[in-house]
Amino acid sequence: MYYMRPNIGKEALEARRRKAALLLKQGLGVREVARQVRASPSSVKRWKDMVAEGGKDALAARPNTGRPPRMNPGQKGKLLKLLLKGAVAHGYPGDLWTLPRVSQVIEAKFGIQYHPAHVWKILRGCSWSCQKPERRARERDEVAIEQWRKQRWPDIKKRPTAGS
């Protein structure tokens, strides 16, 4: 049976590797250790080789590599406050936020350029989701609709018949 890597923190993954190393040291086989720590046998074999080559310190969690984000958490918080004011407050004709609009606001307020497609990653990281605006005709007459609902709809609506 093969397992996918769990979505847990670096420290928990390191603890799992160390547990596997301890079980291997106790004489258990690679497949049995893999079953117990819920990892693939190839991963356990790789960890075993790492310990043999570099000792237990070779199993330590490594720092994240890669390019640091261009916007810091403080800037993201300010961006959300700006977005909550609405698109009209930033000079756009409607109150609908689009990715290109958010990208333009980020560039104007923070001097950071993002491609609109990458703005979505920032918004998702801030727990924003895609919203589809409600479509309504401009000519819609709310008063007439409410009047119809109160007067005409009750006459049209099906009612249960006597005896059913």
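The values are calculated or read from the model by the stated rules, or taken from the named source; none is laboratory data. Since this is a predicted model, take the numbers as computed values, not measurements. Every residue, glycine as well, gets a Cβ built from its backbone with ideal geometry; the counts of neighbours run over all protein chains shown.
Miscellaneous remarks
- Filtered residues of the range 95-111 (kept if farther than 14 Å from MET71 by Cα and either outside the structural domain of LYS78 (by TED's automatic domain parsing) or in contact with a helix residue (DSSP H, G or I) (Cβ under 7 Å, 6 or more places away or on another chain) (or both)): ASP95, TRP97, LEU99, PRO100
- Being out of contact with any strand residue (DSSP E or B) (no Cβ under 9 Å at 6 or more places or on another chain), crowded, with 16+ Cβ neighbours inside 10 Å, assigned to a loop (DSSP other than H, G, I, E, B) and assigned by TED's automatic domain parsing to the domain that holds GLN131 holds for only one residue in TYR114, TYR92, and it is TYR114.
- Test for GLY86: is it assigned by TED's automatic domain parsing to the domain that holds TRP128, closer than 30 Å to PRO133 by Cα, touching an Asp or Glu at 6+ places or on another chain (Cβ under 6 Å) and outside any helix (DSSP H, G or I): yes
- Among residues of the range 61-83, those that are at pLDDT 90 or above and farther than 24 Å from GLN131 by Cβ, counted: 3
- Odd one out for GLN36, checked against (1) part of a helix (DSSP H, G or I); (2) free of Cβ contacts under 8 Å to residues at least 12 places away in the same chain: (2)
Yes/no per residue for (1) under 23 Å from the mean Cα position of the chain (by Cα); (2) charged (D, E, K, R):
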{"site": "ASN7", "(1), (2)": "yes, no"}
{"site": "LEU23", "(1), (2)": "no, no"}
{"site": "ARG31", "(1), (2)": "no, yes"}
{"site": "PRO41", "(1), (2)": "no, no"}
{"site": "LYS48", "(1), (2)": "no, yes"}
{"site": "GLY55", "(1), (2)": "no, no"}
{"site": "ALA61", "(1), (2)": "no, no"}
{"site": "ARG67", "(1), (2)": "yes, yes"}
{"site": "MET71", "(1), (2)": "yes, no"}
